[in-house]
Amino acid sequence: MKELLLLSRDRSGLLVLFVMPAVLVLVITLVQENVMKSMGESRTEILFVDHDGGKVAKQMEKALAQADGVQLIKLLDGKVPDTRTARSAVAKGRFQLCLVIPEGLTAAVRARAHRFAARALDMETDGAAPAATAAVVDIYFDPTVTGGFRSAAHHLLQLLLLQIEVREKMTQLSELLPAQIEESLQTALGPMAGGVTATPKMAFNLEGTTRPILEVRSSSASEEAAVKTPNAVQQNVPAWALFGIFFIAVPMAGAFIKERLTGVAQRMRTMPVSYLTLMVGKVSAYLMVSLVQFGFILMIGLWILPLFGTPAFEVGAAPWTLLAVALCAALAAVGYGILLGTLVKSYEQASMFGPISIVIAAALGGIMVPVYAMPLPMQKISVISPLAWAQNAFLELLVRGGDLRAVATPVVLLLLFATICVAMAWGLFHRSTR
């Protein structure tokens, strides 16, 4: 009973024991919900650009609109986008992909379907021009979209186009077949056609008719030559390095608690040195450890992972910008560690609240599952995670080939987060000393 009474009085301990695990299971389950589903069951926004306006384009639009989990977006900022504007929006991460229907697609498909029908009925002469290449529908993907999502989207649209292609081929066959039957009857029976009721057997020439008349072509939405399709190494090395950086907050909070409990913090305030000077020394030490840890994880991606058959990690064209983003992420982690060490009262609270809060922020930030694969409500919540800001900056540099200007917003957010954490810790510290 004494232990239960003591535990009931420890509100922070009860918070860690019950509330934090409950939040963790909710967040992780919701984040991974769409990953457990197939492409057709998860909600995907497709930017739809129609330059044709014909029958085939309308059929594609109708089929996509009726597909489960697909939402067609035809307006961008209240306007109908052109191809360049749509590609730019996808390249910046506003959409995962866009579908561009070229001008004249319907006419081209009908012409190719007509040629297919004529060849099948052996109505083309031997000197006819060879069949032209298939009409192409372009898909442009966000450079950060992984291969599995690209393949699923590509095959979904291929199946859709196959349905439209079969329908158009059958339409052309139905138009040409009656005339071919009548011609065959007259040729085979001559003047006796009126006295014979049996229809002669039709000869179909299927050679060369298996060639598709409508194809899907996938490419990256970015026009930069440096853009590469992300692989597991490019996605996971910076993500988990970032995860490790934020875990510096746990030992840092423990050091603050130890100084407070042993009286070291009280003695340090009597020294002829400003508190700010002492904090700068602590922050510098933990920043150095964080950057060394970041470099260690990158070296694993550069030299250790290739030994197991994976591609080597590519630093990209802006290594110093990558280091600057890592420094800002480390500052945010150190700021959070200072706040955590000021808030909690014991090692137990720090060891529970710190890791669980970081895991939750990592799950929301796209470290475990890409943000675009999360349910829509979780995607909106993910913008509050500092790990999401840093991860977006890393992807901008390593996958999209961006520069310092491209990552200015997440860098500013990380610095602002660090400043707010330190300011809150400073206020709590002065309040406790009074």
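For the range 355-434, the fraction of 1.4 Å probe accessible surface lying on carbon and sulfur atoms is 70 percent. Which chymotrypsin sites (Phe, Trp or Tyr not before Pro) does the range 352-400 hold that lie in a coil by DSSP with at most 11 other beta carbons within 10 Å? Passing sites in the range 352-400 do not exist. Distance between the 7 Å Cα→Cβ label points at Lys55 and Ile381: 4.9 nm. Among the listed pairs Lys79/Lys380; Lys62/Lys92; Lys282/Lys345; Lys79/Lys169, those with a Cα-Cα distance over 29 Å are Lys79/Lys169. Each label point was placed 7 Å from the Cα along the Cα-to-Cβ direction; for Gln66 and Phe308 their separation is 4.7 nm.
If R0 is 35 Å, the Cβ-Cβ spacing of Ala406 and Ser346 corresponds to a FRET efficiency of close to 0.25. Distant-in-sequence amide contacts of Gln71, defined by a placed amide H-H separation under 5 Å and a gap of 5 or more residues or a different chain, comprise Thr44, Glu45, Ile46. Assuming R0 = 25 Å, what is the FRET efficiency of Met299 and Met279, from their Cβ-Cβ distance, to the nearest 0.05? Efficiency at R0 = 25 Å is approximately 0.25.
Among the protein heavy atoms, those of Ile367 account for about 10 Å² of accessible surface (1.4 Å probe, every chain in place). Note on Ser151 and Lys79: the extension gain reaches 23.0 nm, defined as 0.36 nm multiplied by sequence separation minus the Cα-Cα distance. For the range 345-434, relative contact order (Cα pairs under 8 Å, six or more residues apart, normalised by length) works out to 20 percent.
The values are calculated or read from the model by the stated rules, or taken from the named source; none is laboratory data. Because the structure is predicted, anything quoted here is derived from the model rather than measured. Please note: Cβ atoms are built from the backbone with ideal geometry, for glycine as well, and neighbour counts cover all protein chains shown. Just so you know, the surface numbers come from the protein's heavy atoms only, side chains and all, with ligands and any DNA or RNA stripped out. Shrake-Rupley method; radii C 1.70, N 1.55, O 1.52, S 1.80 Å.
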